[in-house]
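Beneath this line is the structure, given in structure tokens, with notes to follow.
The values are calculated or read from the model by the stated rules, or taken from the named source; none is laboratory data. Worth saying up front: this structure is predicted, and the values here are computed from it rather than measured. Note that each Cβ is placed from the backbone with ideal geometry, even for glycine, and that neighbours are counted across all protein chains shown.
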Ligand code: C2E
Ligand code: MG
Ligand code: MG
Ligand code: MG
């Protein structure tokens, strides 16, 4: 009897796995077509100078407008893109689109310092062509290398440490910025941080969430900012959702902030309006 019910369980498990596998397969093959069918697009979230309120950059965030599923978020399809290898083509498209768009904004606004932050997955970063992809995106868009910042999580930087170091050093030589994304959320070790040729720390939003109410979080954020300054790194606070958090960050002398309190991710067409609005407020 026990054997029988065990069998059923296996069967149910298999059926479930099949459905799951079919779903993934379908998602995978439609992801392959998503680029050519123009279903992928980028949103841009402004990154603001905490002291002056000026927009200094945006972070490019990918979205997938799926014909049946509707809007699919990156957390749902980037892992799949990594498994299937489509991440390289997608990543290339993200780099080119973000660089071209930012150069366009620079030309319109006359602000040739306006930068863009592009998320890079560990798998994409390990590819031998990655440096060439970056060079090509810069060359085609004519965006200055200093206006491009690549975001990697600590976790992805520490994977294959020695090859990562080589790639990071080469990117640094190109003049491209390196941001440590979700800083503090992984297994960060000061030993590695000292060696990484990073230029910016993005403080994970988990530390920002209770910044105004929790003394430990405030102490940690303060220490991260101070440490960053000592290491010659700028700091960006992620996920700033309230004016109180922003106020605390100003007190702590955090350089930059991003989050819903300032602006949600926008479609490209909305970004210019937001930037001119901010500009007007500052005058
Ligand atoms: P991330 O790079 O840490 O991006 C920040 C995420 O927080 C974004 O989610 C953004 O929409 C969201 N966010 C911004 N402000 C706030 C806030 O005030 N509160 C809260 N709760 N959330 C906020 P999104 O766009 O869903 O992206 C999720 C993750 O997907 C990103 O995390 C990044 O790791 C990855 N990703 C996004 N675009 C790309 C891409 O082009 N390539 C790769 N490889 N990964 C990407
Ligand atoms: Mg990011
Ligand atoms: Mg982040
Ligand atoms: Mg993240």
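Summary table
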read-out: Matching helices (runs of 4 or more DSSP H) fully within the range 197-258 where at least 1 residues are closer than 17 Å to residue 46 by Cβ; value: 205-208, 243-251
read-out: So residue 120, is it at pLDDT 95 or above, over 26 Å from residue 189 (Cα atoms) and within 12 Å of ligand 1 (Cβ to nearest atom); value: no
read-out: Criterion violated by residue 1 - all others in (1) surrounded by fewer than 17 Cβ atoms within 10 Å (Cβ to Cβ); (2) at pLDDT 80 or above satisfied; value: (2)
read-out: Counted residues, the range 64-82 - those being touching a residue at least 12 places away in the same chain (Cβ under 8 Å), away from ligand 3 (no atom under 16 Å from the Cβ) and not in a loop (DSSP other than H, G, I, E, B); value: 7
read-out: Filter result for residue 193 (under 22 Å from residue 60 (Cβ atoms) and in a helix (DSSP H, G or I)); value: no
read-out: Subset tally (residues that are under 22 Å from the mean Cα position of the chain (by Cα) and at positive phi) for the range 211-262; value: 3
read-out: Test: residue in the range 175-183 that is away from ligand 3 (no atom under 16 Å from the Cβ) and closer than 18 Å to residue 48 by Cα; value: no
read-out: Residues located in the range 67-88, provided they are more than 14 Å from residue 43 (Cβ to Cβ), more than 9 Å from ligand 1 (Cβ to nearest atom) and surrounded by 15 or more Cβ atoms within 10 Å (Cβ to Cβ); value: 77, 80, 84, 86, 88
read-out: Leading residue by the ranking (nearest to ligand 1 (Cβ to nearest atom)) among those in the range 130-162 that are touching a helix residue (DSSP H, G or I) at 6+ places or on another chain (Cβ under 7 Å), under 16 Å from residue 100 (Cβ atoms) and part of a loop (DSSP other than H, G, I, E, B); value: 143
read-out: Subset of the range 57-66 (residues that are over 11 Å from residue 43 (Cα atoms) and either out of contact with any helix residue (DSSP H, G or I) (no Cβ under 8 Å at 6 or more places or on another chain) or surrounded by 21 or more Cβ atoms within 10 Å (Cβ to Cβ) (or both)); value: 57, 65
read-out: The range 108-122 residues that are more than 14 Å from residue 141 (Cβ to Cβ), paired with ones that are in a loop (DSSP other than H, G, I, E, B) and within 16 Å of ligand 4 (Cβ to nearest atom) (beta carbon under 8 Å, 6 or more apart); value: 122/159
read-out: Filtered residue count, the range 163-189, keeping only those that are at pLDDT below 85 and either part of a helix (DSSP H, G or I) or under 19 Å from the mean Cα position of the chain (by Cα) (or both); value: 3
read-out: Yes/no for residue 106 being within 19 Å of residue 271 (Cβ to Cβ), touching a strand residue (DSSP E or B) at 6+ places or on another chain (Cβ under 9 Å), away from ligand 2 (no atom under 14 Å from the Cβ) and assigned to a helix (DSSP H, G or I); value: no
read-out: Filter pass, residue 25 being more than 20 Å from the chain's Cα centre (by Cα), in a helix (DSSP H, G or I) and either away from ligand 3 (no atom under 16 Å from the Cβ) or farther than 16 Å from residue 270 by Cβ (or both); value: yes
read-out: Candidate set from the range 257-275 (those that are more than 16 Å from ligand 3 (Cβ to nearest atom) and in contact (Cβ under 8 Å) with a residue 40 or more places away in the chain); member that is surrounded by the fewest Cβ atoms within 10 Å (Cβ to Cβ); value: 267
